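Working notes for the structure below.
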Amino acid sequence: MKRLIIIVGAAVLLTACAPVLSRDLMRQGARDVPFSRLREAPDPFKGRLFILGGMIVNTRFAETGSQIEALYVPVDSLGYLQEGDHAQGRFLAVYPRSSGLLDPVVYSKGREITLAGAFLETRKGKIDDMEYIYPVFEVREIYLWDEHRDYYYPPPYYPYYYNRPFLYDPWGRPYPNPYWPSPMW
């Protein structure tokens, strides 16, 4: 039994520190993306691999494949999104059609991603009525983060608790209701 606990504990520790993308890409890619320099002088960065985080603004199908417009979010050495100011700019991530398609329903507005992408070019576009220059990356690997869900837990005196023999946790698993009255027989 003691050996089993040690093995399970070691497995949890090893997987807890795993990068979200493949280790080779994480080693090769640059994480300190200077968006202002990419827009001003993109030539020295062409073909270079970057590790980017982002919050999806829009996903659409294009001739070359799926295209994601995202708000840049810095990532740490394992590819996890960092908290803080996200107003550093937007970028376009092109997922080649030969690799498949990214469904806009799944890769929807507000979802978070981490990706490894080769810098291709800058492209003029618009955000509402304003002209904007987007850095464009070709996606080599992408990781879609789980959706954030806010759950509402009513207080124990709420009638819902008294009228149900079972309650459900956020994952849909039932558990006995401690407020359910005992049978009267």
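The values are calculated or read from the model by the stated rules, or taken from the named source; none is laboratory data. All of these numbers come straight from a predicted model, not from anything done at the bench. Cβ: placed from backbone, ideal geometry, glycine included. Neighbour counts: every protein chain shown.
Evaluating Y95 against the criteria (1) of a type in the set (S, T, Y); (2) under 13 Å from the mean Cα position of the chain (by Cα); (3) part of a strand (DSSP E or B) leaves one unmet condition, (2). Here K46 meets the list (1) under 24 Å from E147 (Cα atoms); (2) touching a residue at least 40 places away in the same chain (Cβ under 8 Å) almost entirely, failing just condition (1). When the residues of region 1-54 are filtered to those that are charged (D, E, K, R) and under 18 Å from E121 (Cα atoms), the one that is modelled with the lowest pLDDT is D32.
Of the set (1) under 16 Å from the mean Cα position of the chain (by Cα); (2) surrounded by fewer than 19 Cβ atoms within 10 Å (Cβ to Cβ), all apply to S36 but (1). Residues that are at pLDDT 90 or above number at least 1 in the following strands (runs of 3 or more DSSP E) confined to region 115-182: 130-144.
So that you can scan it fast, the table gives a plain yes or no per residue for (1) of a type in the set (S, T, Y); (2) under 23 Å from D24 (Cβ atoms):
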| position | (1), (2) |
| --- | --- |
| T59 | yes, no |
| E63 | no, no |
| P74 | no, yes |
| S77 | yes, yes |
| Y80 | yes, yes |
| G84 | no, no |
| R90 | no, no |
| G110 | no, no |
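Checking each residue of region 16-23 against the condition of being touching a His at 6+ places or on another chain (Cβ under 8 Å) and closer than 17 Å to I142 by Cα gives no match. The residue pairs whose first member lies in region 103-115 and is under 22 Å from F50 (Cα atoms), whose second member is loosely packed, with under 11 Cβ neighbours inside 10 Å, and whose beta carbons are closer than 8 Å, counting only pairs six or more residues apart or on different chains, are R111/E147. The set of residues from region 62-79 being hydroxyl-bearing (S, T, Y) and either outside any strand (DSSP E or B) or modelled with pLDDT under 90 (or both) comprises T64, S77.
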